[in-house]
1. Val61 fails exactly one of the following numbered conditions: (1) surrounded by 15 or more Cβ atoms within 10 Å (Cβ to Cβ); (2) in contact with a Gly (Cβ under 9 Å, 6 or more places away or on another chain). What is the number of that condition?
2. Across region 183-217, what is the number of residues that are free of Cβ contacts under 8 Å to residues at least 24 places away in the same chain and among the basic types (Lys, Arg)?
3. Restrict the check to region 23-40 and report whether at least one residue is in contact with a strand residue (DSSP E or B) (Cβ under 9 Å, 6 or more places away or on another chain) and either at pLDDT 85 or above or within 21 Å of Ser277 (Cβ to Cβ) (or both).
4. In region 121-156, which residues are among the polar types (S, T, N, Q) and either closer than 28 Å to Val262 by Cβ or surrounded by 15 or more Cβ atoms within 10 Å (Cβ to Cβ) (or both)?
5. Filter region 9-57 down to the residues that are of a type in the set (Lys, Arg) and either surrounded by 16 or more Cβ atoms within 10 Å (Cβ to Cβ) or part of a helix (DSSP H, G or I) (or both), then identify the one that is farthest from the chain's Cα centre (by Cα).
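The values are calculated or read from the model by the stated rules, or taken from the named source; none is laboratory data. This structure is a prediction, so every number in the text was calculated from the model and none was measured. Don't worry about glycine lacking a Cβ; one is built from the backbone with ideal geometry, like all the others, and counts go over all protein chains shown.
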Amino acid sequence: MKRPLPPLNALRAFESAGRLGSFKDAAAELHVTHGAVSQHVRLLEEWLGAPLFERHNRRVVLTPAAKAYLDDIGPLFEQLSQSTARYGLPATASRTLTLNAPASFTLRWLLPRLARFLADYPDLNVTVATSNEPVEGLKDSFDIVVRGGPDTFYGYTMRPFLDEARVPVCSPALLRRIPLDVPEDFRRHTLLHTASLPRLWPDWLAKVQLPALRPAATVSFDHFYLTVQAAIDGIGIAMGPTALIAEDLAAGRLVKPFAGPVLPSRSYCTYVADEKSADERVVLFRAWLESEGMPR
């Protein structure tokens with residue numbers, strides 16, 4: 001029979017926090033952040049269906065039931081550590097999560113944030129592969145697949161974590177060279193296209209009632225991230241994916257010459273095979289993606 005075990009990293013965080021009486025001290029002992037310990041404890045509380053700590057401002061106190069639970073599992077951790085030392089293996093075995101995601105999403109959104117996840121979970125290795133293959137067409141097995149959605153695939157759970165839309169963007173330097181006051185001014189500009197999304201500019205121009213507009217030039221790229229980079233470099237104007245260029249807009253590397261209209265787009269979603277949906281690595285990474293992507 002399969003033994004119902006709680007997420008072991010969450011259990012380790014609880015044991016350390018309960019023994020030390022502090023999330024901060026537990027984070028120092030485990031070499032993770034305070035937020036990682038807190039998230040692990042919440043994960044274990046959800047798994048158990050009961051609270052483990054009473055929060056009092058900056059300190060935490062075990063509930064009576066959690067104190068009894070800690071008394072039971074504390075010696076088991078010590079025994080596990082001693083047994084592992086006798087066997088000659090490191091106490092924290094390496095674990096790996098495999099992720100497959102589109103290249104543009106990976107380069108423009110995931111990589112700038114991934115260091116935060118690795119800092120919180122230093123014992124979890126992450127392997128990232130990029131592709132645009134449909135979920136059901138992937139030849140290899142992955143723990144998590146990121147694709148647009150929401151879609152439904154047999155044998156997979158789907159959860160959205162990041163909304164997106166498309167809007168014209170360009171570099172401030174380009175606007176200084178060639179002003180852009182009204183959409184008709186696109187006739188003097190270079191429009192940047194992505195080969196896999198040929199309808200973006202025609203659809204936007206139709207929304208501003210300029211379906212026959214001819215720009216000064218066009219340049220096409222095979223990847224969205226190249227199109228965005230070309231816009232940053234002042235080559236032309238791109239239909240920017242709002243989720244992937246948020247930091248560029250905030251930093252002033254890109255600007256939106258017009259407030260609208262905005263083209264709707266599919267959300268980014270995680271797709272996980274049913275047999276992996278309860279895996280602790282998957283639960284942690286999915287929760288992290290959602291905390292980074294969903295509006296706070």
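1. For Val61, the failing item is (1).
2. Let us first name the residues in region 183-217 that are free of Cβ contacts under 8 Å to residues at least 24 places away in the same chain, namely 185, 198-199, 202, 205-206, 209, 211-212.
Of the ones still in play, those that are also among the basic types (Lys, Arg) are 199.
Within region 183-217, residues that are free of Cβ contacts under 8 Å to residues at least 24 places away in the same chain and among the basic types (Lys, Arg) number 1.
3. Within region 23-40, none of the residues are in contact with a strand residue (DSSP E or B) (Cβ under 9 Å, 6 or more places away or on another chain) and either at pLDDT 85 or above or within 21 Å of Ser277 (Cβ to Cβ) (or both).
4. Thr130, Ser131, Asn132, Thr152
5. Filtering region 9-57 for residues of a type in the set (Lys, Arg) gives 12, 19, 24, 42, 55.
Narrowing further to those that are either surrounded by 16 or more Cβ atoms within 10 Å (Cβ to Cβ) or part of a helix (DSSP H, G or I) (or both): 12, 19, 24, 42.
On the way: Arg12: 25, Arg19: 32, Lys24: 25, Arg42: 19 Å.
This residue is Arg19.
For (1) within 29 Å of Leu5 (Cβ to Cβ); (2) assigned by TED's automatic domain parsing to the domain that holds Ile237; (3) surrounded by fewer than 16 Cβ atoms within 10 Å (Cβ to Cβ); (4) not basic (Lys, Arg), each residue gets a yes or a no:
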position	(1), (2), (3), (4)
Ala251	no, yes, yes, yes
Pro257	no, yes, no, yes
Ala273	yes, no, no, yes
Glu280	yes, no, no, yes
Trp288	yes, no, no, yes
